[in-house]
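Q: Here it is: the structure, laid out below.
The values are calculated or read from the model by the stated rules, or taken from the named source; none is laboratory data. Please read these numbers as outputs of a predicted model, since none were measured by experiment. Note: ideal-geometry Cβ built from the backbone for every residue, glycine included; neighbour counts use all protein chains shown. The protein model used for the area step is the full one, side chains on, heavy atoms only, and it has no ligands, DNA or RNA in it. Shrake-Rupley method; radii C 1.70, N 1.55, O 1.52, S 1.80 Å.
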Amino acid sequence: AQSVTQPDIHITVSEGASLELRCNYSYGATPYLFWYVQSPGQGLQLLLKYFSGDTLVQGIKGFEAEFKRSQSSFNLRKPSVHWSDAAEYFCAVVVNTGGFKTIFGAGTRLFVKA
Amino acid sequence: NAGVTQTPKFRILKIGQSMTLQCTQDMNHNYMYWYRQDPGMGLKLIYYSVGAGITDKGEVPNGYNVSRSTTEDFPLRLELAAPSQTSVYFCASRGQSRAGANVLTFGAGSRLTVL
C-alpha cells in the first residue's frame, strides 16, 4: 500500500542552524512528491514539489528538497532556520489509483529556539 | 481571488446532531477533497470529487456524506455526530494545468468538537 513516513514527530533547532526533515515514501510508480507547511490555525501551503527532472528542487522561503529514488526519500532542507519557520511540515505523495489522490505523512513539528 | 473558503471555522455539536461543513472555491477547479486532521495522524482523505456530479470515498468515509452539484461547491455532511468525529476538517481543490497539476490549495479549516 502507498504510504508516507515522517520519522520525526518534532524537531527543535536553534535559529540560524541548518535543518533537515526526513521523509520516506512507499509507491511503486514514479512519484509526485510534495512538501507542505502549516502555520498554527492555518491551512496547508505548498513549499515545493517534485515531478521529474532535476532531483534537487527549490521551494519558497529558502527551502529545498532532494529526491533519492534508491532510498525512496524526499528530505527537506534549509541552510539557516529563521524563527518564522516554526510550523508543522507535511510530506506528501500523489498516487494514481483510479483518480489522483494525495497521501500525507503524519507531519513533523518544527520548534525554533532563540 | 478568495481561493478555497470553508465555513464555519468553529462548531460544537452534541452527540447525534447533524451539520454541514461548507466549502466553495472560485478557481474553476474540477477536483475537490475533504480531509480530516488529527494530532499525530497527518491528514486523512474522507471524500473527493473529480467534477460536478461525481464523488468517491477516501480512506475514512464512514459517518460522512458529500455532494457536488456545482463545480464551485463541495459540502461535507455529518449525520449523527459522534465524539470520534472531533477533528479539524480541511477542504482542498486542485487545478489541471501542467504547472498546477496535483498541487492542492487548502481552505483555512473547520474545527469541530462533538460533546
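Q: Amide H of B:GLY58 versus every other amide H placed in the peptide plane: which residues, excluding those fewer than 5 positions away on the same chain, fall under 5 Å?
A: B:TYR47, B:TYR48
Q: Using Cα pairs closer than 8 Å and at least 6 residues apart in sequence, work out the relative contact order for region B:4-114, in percent.
A: So the answer I get is 35 percent.
Q: Using only protein heavy atoms and a 1.4 Å probe, report how much of B:SER18 is accessible, in Å² to the nearest 10.
A: 50 Å²
Q: Considering only lysines 8 or more places apart in sequence, or on different chains, count the pairs in the protein assembly as shown whose C-alpha atoms sit under 25 Å apart.
A: Number of lysine pairs found: 17.
Q: In vacuo Debye scattering of the protein assembly as shown, one point per C-alpha: log10 I(q)/I(0) at q = 0.09, 0.13 Å⁻¹?
A: -0.37, -0.77
Q: Next question, about the same structure. What does the charge count around B:LYS44 come to, taking other residues whose C-beta lies under 10 Å from its C-beta (Lys +1, Arg +1, Asp -1, Glu -1)?
A: Around B:LYS44, the surrounding residues sum to -1.
Q: Then there's this: Averaged across B:42-52, how many Cβ atoms of other chains sit within 10 Å of each residue's Cβ atom? Please list the in-between numbers first.
A: Numbers: counts 11, 11, 2, 4, 0, 0, 4, 1, 3, 0, 0.
Counting other chains' Cβ atoms within 10 Å and averaging over B:42-52 gives 3.
Q: Right, another one. Counting only other residues whose beta carbon sits under 15 Å from that of B:THR71, what net charge do I get with K and R as +1, D and E as -1? Before the final figure, lay out each step's value.
A: Details: positive: B:ARG68, B:ARG94; negative: B:ASP26, B:GLU72, B:ASP73.
Counting the neighbours of B:THR71, the net charge comes to -1.
Q: Express the relative contact order of chain A as a whole percentage, based on alpha carbon pairs under 8 Å and six or more residues apart in sequence.
A: Result for chain A is 37 percent.
Q: Using all Cα-Cα distances in region A:8-114, what percent lands in each 10 angstrom bin from 0 up to the longest?
A: Whole-percent P(r) values from 0 Å outward: 15, 49, 29, 6, 0.
Q: Same structure again: Can you give the accessible area buried between chains B and A, summed over both chains, with a 1.4 Å probe, in Å² to the nearest 100?
A: Counting both chains, the buried surface is close to 1600 Å².
Q: Here's another thing I want to ask about it. Hey, can you list the residues from region A:46-72 whose accessible area shrinks by 40 Å² or more with all protein chains present, relative to the chain by itself (probe 1.4 Å, no ligands or nucleic acids)?
A: SASA drop of 40 Å² or more in region A:46-72: A:PHE51.
Q: Please average, across the residues of B:32-41, the number of beta carbons from any other chain that are within 10 Å of each residue's own beta carbon, and give a whole number.
A: Numbers: counts 0, 2, 0, 4, 0, 7, 1, 4, 5, 3.
Mean shielding count: 3.
Q: Taking every alpha carbon pair in region B:4-114, what does the distance histogram look like in 10 angstrom bins from 0, in percent?
A: Per 10 Å bin, starting at 0, the Cα pair percentages come out as 15, 50, 29, 5, 0.
Q: Can you send over the solvent-accessible area of B:PHE106, 1.4 Å probe, protein chains only, in Å² to the nearest 10?
A: Ignoring ligands and nucleic acids, B:PHE106 comes out at about 20 Å².
Q: For region B:4-114, what is the accessible area per residue in Å² when the probe is 1.4 Å?
A: It amounts to 46 Å² per residue over region B:4-114.
Q: Return the average number of partner chain Cβ atoms within 10 angstrom of each residue Cβ along peptide A:86-96.
A: For this peptide, the per-residue mean of nearby foreign Cβ atoms is 2.
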